Amino acid sequence: MEFNRVVGTRRSIRFFKSWRPVEREKLQVMFEAANRASRSMNADYFRAVVVNRDDLDAETRDALRNPTTTADLDLAPTYIFWYIDLDYVAGAQDRLKELVEQHALPAAHGWSKAYVDDFLWPQVLEPISKDPNAVVFMGAVETGIAICNAINAAVDQGLGTCMHAFTANDKIKPLLGVPDTWLPVWLQLVGYPAEEPEAGGQRPRRPISKLFFEGHCSRPFEEDPEVTERLEREGMIQAPGPFPYRAQEVRMLSRMYGLPE
Amino acid sequence: MSAIHPSEVRTPTAGPAPDGTPTAGPAPDGRVDADLDAVAASPAARRWLERDGDGRVGAAHDGELRLLARFCASLGTTPDELVAQCTRATKSGDTAISAAGRRRTDQAISAFVVAEGAVGRDAIVLGNTLRSFLIHNGIFLQGPAAIE
């Protein structure tokens, strides 16, 4: 799928084909995409544990359930538990010098090994690593960037995915053997959509002129209609929801799975 | 509130109610529970029954209403009290969902389904029909899906 169509086709999928497992190679593609994401300090901010629902015994599955996640865990065949590894700063000094050696951080932009050792590490990075708020803030931003790549890789492979809050970390942590330095961020559900991939149409978004500005916050970034038309042709901008049959689609899916209507 | 008479409870062989709600227990003998009207008139029940905005509040939802009435009777409560038990007042005076209350109510639904004798998919649908009542009254809640 072309990039623009991947971005435009992404939806939060909430009805999965519960019977169809996700191929392991597709998960690998998602993880590789996440691993290629932009990251400051070339640090590994995130960790993730993938769990296939059907590999869990009944007791473990029940332990994960709570009144707000039961249907989600039943319908999705694959769960990815995403974490920030709060120890991500460790090793940053060496990783940055590695980038200096690769000329990714060139002298043309002020970088040198001496700068990393003598100034950046002792005066910036080490203090940040001791500030819990800064650690969590940076970790959340950078992990989110990685997850975004994984989401788009899932969509590109015909998968559906939806991000959920962690609500049972006290149960999940011992079950998955999660280290104390990992902070839960998102539970990503993955599977093949039982609903149409369009999931009733593209979600409402405010025009970019409300969100982006040019030169000054008082000057909206006005869209070029020709570009908008091209993005419609290329699938980034798609027909808005709800499709006329969306309510019925949801009703029938709910009945198929015995879910509340 | 008095309990629903056992003869009002349907058996699995009775099939679904007119609105498709699965039923359990012996078939109805036509008697109308005196409490049913009170349940139907409660604001929480009406909010639930009017959720589609299509004016279907009568016979179309008969099975759902009877189920709710039986559940309320089993707990000795009313639909409005049921919703209230899932909420709590915050220090600032707002109303918030009570995690403990929601958990207790969810467990009560599961226990009720067992007591009704429903099994398999019918049990899931029965429980989720009651969860639907809470959901449409603002209580975020999920139940199991019938995937087997």
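So which of A:R65, A:R53 ends up being within 19 Å of A:W19 (Cβ to Cβ), within 14 Å of chain B (Cβ to nearest Cβ) and of a type in the set (K, R)?
Answer to the selection: A:R53.
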Checklist (1) crowded, with 16+ Cβ neighbours inside 10 Å; (2) over 30 Å from B:G101 (Cβ atoms); (3) touching a helix residue (DSSP H, G or I) at 6+ places or on another chain (Cβ under 8 Å); (4) of a type in the set (D, E, K, R) applied to A:R14, failing item: (2)
Some residue of segment B:115-122 being surrounded by 21 or more Cβ atoms within 10 Å (Cβ to Cβ), among the charged types (D, E, K, R) and either more than 9 Å from every other protein chain (Cβ to nearest Cβ) or in contact with a Lys or Arg (Cβ under 8 Å, 6 or more places away or on another chain) (or both): yes
Some residue of segment A:75-86 being within 14 Å of chain B (Cβ to nearest Cβ), open to solvent by 40 Å² or more (accessible area, probe 1.4 Å) and either touching a strand residue (DSSP E or B) at 6+ places or on another chain (Cβ under 9 Å) or hydroxyl-bearing (S, T, Y) (or both): no
Any chance A:A90 is among the aliphatic types (A, V, I, L, M), closer than 30 Å to B:R131 by Cβ, at pLDDT below 95 and surrounded by fewer than 18 Cβ atoms within 10 Å (Cβ to Cβ): no
Qualifying residues in segment B:75-99 (those that are of a type in the set (D, E, K, R) and free of Cβ contacts under 8 Å to residues at least 12 places away in the same chain) - the one farthest from B:A40 (Cα to Cα): B:K91
Residue pairs meeting the criteria (Cβ under 6 Å; at least 6 apart or on separate chains; first within 23 Å of A:R36 (Cβ to Cβ), in segment A:124-143; second among the hydroxyl-bearing types (S, T, Y) and surrounded by 15 or more Cβ atoms within 10 Å (Cβ to Cβ)): A:G139/A:Y45; A:E142/A:Y45; A:T143/A:Y45
Qualifying helices (runs of 4 or more DSSP H) (wholly inside segment A:147-261; at least 1 residues being within 14 Å of chain B (Cβ to nearest Cβ) and open to solvent by 80 Å² or more (accessible area, probe 1.4 Å)): A:169-176, A:246-257
Qualifying position, being within 30 Å of B:A99 (Cα to Cα) and more than 16 Å from the chain's Cα centre (by Cα), among A:V124, A:V116, A:V141, A:V136: A:V136
Residue in segment B:128-148 that is farthest from the other protein chains (Cβ to nearest Cβ), counting only those that are over 15 Å from B:W48 (Cα atoms) and free of Cβ contacts under 8 Å to residues at least 24 places away in the same chain: B:E148
Some residue of segment B:37-53 being within 14 Å of chain A (Cβ to nearest Cβ), within 28 Å of A:K17 (Cβ to Cβ) and in contact with a Ser or Thr (Cβ under 9 Å, 6 or more places away or on another chain): yes
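Residues are listed down the side, and each one gets a yes or a no for (1) of a type outside the set (A, V, I, L, M); (2) farther than 20 Å from A:G191 by Cα; (3) without any contact (Cβ under 8 Å) to a residue 60 or more places away in the chain:
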{"position": "A:F15", "(1), (2), (3)": "yes, no, no"}
{"position": "A:E25", "(1), (2), (3)": "yes, no, yes"}
{"position": "A:V29", "(1), (2), (3)": "no, no, no"}
{"position": "A:A43", "(1), (2), (3)": "no, yes, no"}
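The values are calculated or read from the model by the stated rules, or taken from the named source; none is laboratory data. Remember, predicted model here, so these are calculated numbers, not experimental data. Methodologically, a virtual Cβ is constructed for each residue, glycine included, from the backbone with ideal geometry; neighbour enumeration extends over all protein chains shown. Quick note on the areas: whole protein, heavy atoms, side chains included, nothing else; ligands and nucleic acids left out. Shrake-Rupley method; radii C 1.70, N 1.55, O 1.52, S 1.80 Å.
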